[in-house]
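Note sheet for the following structure.
The values are calculated or read from the model by the stated rules, or taken from the named source; none is laboratory data. Owing to the predicted nature of the structure, the values given are computational and were not obtained by experimental measurement. A quick note on method: Cβ atoms are made from the backbone with ideal geometry, for glycine too, and the neighbour counts reach across all protein chains shown.
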Amino acid sequence: MLSLVIHKQLDAFALDLRLDAPTKKIIVLFGASGAGKSLTLAAIAGFMTPDAGRIAIDERVLLDVARGVNLAPQARKIGMVRQDLALFPHLSAADNIAYGMTGARAAKMTRVRELLQLVRLAEFGARKPSELSGGQQQRIALARALAIEPALLLLDEPFSALDLGTRMELRRELKDLQRRLQQSMIFVTHDLGEAALLADEMAVLDQGRVLQFATPNAILRAPRNVRVAQIVGVKNILPAQVIHSNRVRIGARELETLATTFAPGAKVFACIRSERVLLVRRESPTQTHPNEMAGELLDEESDGNDVTLRFRVEGARLQPRENFDLQIDMPVYVYERLQLARERQWRISLKPNVLHLVST
Amino acid sequence: MRANGCRAVFFSMAFSDTRVGFARPRIRCARILFLALASLLVLFLTLPLVALVVRALPLGLDAWLNETTLAALQLSLTTATLSALIAFGVGTPVAYLLARENFRGKAVVDTLIDLPMVLPPAVAGIALLMAFGRRGLLGATFSAFGIELPFTTAAVVIAETFVAAPFYVRSAKAGFGAVDRRLEQMSALLGVSDWKTFWRVTLPLAAPSVVSGLLMTWARALGEFGATIMFAGNFPGRTQTMPLAIYSGLEANLDSALALSLILVIVSFGVLLAIRQVSPKGLTLG
């Protein structure tokens, strides 16, 4: 068990983090910049001393302010890979990896070779960091961090500066490596896709606090509150009022939901992920569902991979204050398949399990 | 109109007002003025050196290789090298602390370190006498142990170190300051002690500034005159360094003085070239 309690008051920022997470997993700290992710890592590494708190990996206590325990970085057995300045620029890749190793020279050399092979750079030991690509540098940094057999590996946006292809490749490799070595990792990122891809469990951070800690799937499907919904990219967050356990009023329209625990009359928000809304052809003979409504495509924009569509529904509005009611995202090829460029009138289907209600 | 333009350009340059744009022909007269002034300075700096070379080169072997000259040369090289080594030994921790730590009185220490660079060397000489001289602050203490500093070779080293060490501290401080602290953090996290981190990461990465600082200190020590003659005196073979031998030679043996001068010019030039090689920014004084 990885147990973190970290309080730190800075001039304009307070870190107030509590997290109990399993070891031998990839734990992702996800949040915008300024959420406190890197400060948390600094506390775990021992670069920053919290005002109060306790940091423990299983039975090993790294920090316990109340008991006066505060291990030096040298004694913590923590590995770290960061986005920039990963390697010692004046040492070769092999010397970087060997840097933290202790023991006989021959044993070190053997271990360096193993680690170079592990990160698939067996031929690159003699090169200086400046002679390696960004992705290769990060691989060497990973090998160097693993060389001390850390109890916990901290990864601070390690792939952010790399191009997309390399990033994807390294993410896969990291995940594979973690599975093989059963290495405990904390991975920090502000990229939701990266978080969802890598995390066994992820913590959503905002203003120095953990808002939610669960599997990526659980967080994406059921964000705990409006703030989490915003952070994990829910585009449709609509004010709603509970009618009874599985009916809500959104705008001027009543919709069916899964059974909720909210009391009738409760003011809530309905979160609808933009990629989970279904479009149905007007003329298709499906039975009209209570959550189905006619809608008109107002505008659209594309980043090349996905298309964002804005719809206004006919009849009772969902968002009377906006000029559109729902945002829908879909891959370009679906957009083309549906011939949305030609057909602007659709039926919109919101399956009950797509509506996730959160308190304000 | 043209004269007016020139004045306007000069005015704008004096106040470095880049917001005002000028047409090309107007800039040209400022350029000519600048080139003229620059040539004047370059000529002024070159002429004495040329004169020295012209007089010193045809000199016979005797001017270069007489006993006084060789003794002065040997003494200068020894004392300047010792000074540079002492500067490295005690200046490195000072430079590192000034670059890395914040402490009370840091500004005072920083200024104090710089002071000998602007202090007239004669003042340095008097001050050293008042501290380590027979009747100085610590003179009695040293005497009690049978140590007499003034007018010894040790006094030469002390005078040179006093005057020249700040050059090393300045340069090394800039070098340490430029080493990213996160690399030292990373080293600590890899289990390496702060002391070893300094030798394995900080110093190697600051090496260009450290080496150029040492070269500057060495060159400054080699040329030291005022503090040395006041604190160490002018005894051939013991305290008569090259600059002192040149001074004496003006009266006794002008040829040796010329020869020694040319050697110093060449050495200084070589040091500056070497600094340019090791330090990408060339000569930096912090």
Pick from A:LEU309, A:LEU340, A:LEU298: which is touching a Phe, Trp or Tyr at 6+ places or on another chain (Cβ under 9 Å), assigned to a loop (DSSP other than H, G, I, E, B) and not charged (D, E, K, R)? A:LEU340
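Here is a yes/no grid of residues against (1) free of Cβ contacts under 8 Å to residues at least 40 places away in the same chain; (2) within 20 Å of A:GLN230 (Cβ to Cβ); (3) out of contact with any Asp or Glu (no Cβ under 9 Å at 6 or more places or on another chain):
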position	(1), (2), (3)
A:ALA263	yes, no, yes
A:ILE272	no, yes, yes
A:MET330	no, no, no
A:ARG342	yes, no, yes
A:LEU355	no, yes, no
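Go through segment A:69-85 and give me each residue that's outside any loop (DSSP other than H, G, I, E, B), touching a Lys or Arg at 6+ places or on another chain (Cβ under 9 Å) and more than 8 Å from every other protein chain (Cβ to nearest Cβ).
Hits for segment A:69-85 are A:VAL69, A:VAL81.
Could you go through segment B:234-253 and let me know if any residue there is without any contact (Cβ under 8 Å) to a residue 12 or more places away in the chain, in a helix (DSSP H, G or I), touching a helix residue (DSSP H, G or I) at 6+ places or on another chain (Cβ under 7 Å) and within 29 Å of B:ASP62 (Cβ to Cβ).
From segment B:234-253, those without any contact (Cβ under 8 Å) to a residue 12 or more places away in the chain are B:250-252; that's our starting set.
Imposing the further condition that a residue be in a helix (DSSP H, G or I) reduces the set to B:250-252.
Now narrow it down to the ones that are touching a helix residue (DSSP H, G or I) at 6+ places or on another chain (Cβ under 7 Å): B:250.
Now drop any that are not within 29 Å of B:ASP62 (Cβ to Cβ), which leaves B:250.
Yes, segment B:234-253 contains a residue that is without any contact (Cβ under 8 Å) to a residue 12 or more places away in the chain, in a helix (DSSP H, G or I), touching a helix residue (DSSP H, G or I) at 6+ places or on another chain (Cβ under 7 Å) and within 29 Å of B:ASP62 (Cβ to Cβ).
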Residue in segment A:88-99 that is facing another protein chain (nearest Cβ under 9 Å) and not in a loop (DSSP other than H, G, I, E, B) present: no
Condition first: more than 25 Å from A:ARG60 (Cα to Cα), touching a Phe, Trp or Tyr at 6+ places or on another chain (Cβ under 9 Å) and not in a loop (DSSP other than H, G, I, E, B). Now tell me which residues in segment A:140-167 satisfy that. A:ILE140, A:THR166, A:ARG167
Quickly run through segment B:176-197 and pick out the residues that are of a type in the set (A, V, I, L, M, F, W, C) and within 7 Å of chain A (Cβ to nearest Cβ). B:LEU183, B:MET186, B:ALA188, B:LEU189, B:LEU190, B:VAL192
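Find the residue count for segment A:102-117, including only residues that are crowded, with 20+ Cβ neighbours inside 10 Å and either within 14 Å of chain B (Cβ to nearest Cβ) or free of Cβ contacts under 8 Å to residues at least 12 places away in the same chain (or both). Give the steps one after another, and end with the answer.
Restricting attention to segment A:102-117, the residues satisfying the condition of being crowded, with 20+ Cβ neighbours inside 10 Å are A:112, A:115-116.
Checking the rest, the ones that are also either within 14 Å of chain B (Cβ to nearest Cβ) or free of Cβ contacts under 8 Å to residues at least 12 places away in the same chain (or both) come to A:112, A:115.
Result for segment A:102-117: 2.
Residues B:ALA232, B:ALA207: which one is farther than 30 Å from A:ALA151 by Cβ, out of contact with any Leu (no Cβ under 7 Å at 6 or more places or on another chain) and within 14 Å of chain A (Cβ to nearest Cβ)?
Details: B:ALA232 fails: within 14 Å of chain A (Cβ to nearest Cβ).
B:ALA207 is the lone residue from the list that is farther than 30 Å from A:ALA151 by Cβ, out of contact with any Leu (no Cβ under 7 Å at 6 or more places or on another chain) and within 14 Å of chain A (Cβ to nearest Cβ).
Of B:THR78, B:THR69, B:THR92, which residue is in the same structural domain as B:MET216 (by TED's automatic domain parsing), in a helix (DSSP H, G or I) and over 26 Å from B:LEU244 (Cβ atoms)?
Numbers: B:THR78 fails: over 26 Å from B:LEU244 (Cβ atoms); B:THR69 fails: over 26 Å from B:LEU244 (Cβ atoms).
None of the other options fit; the residue is B:THR92.
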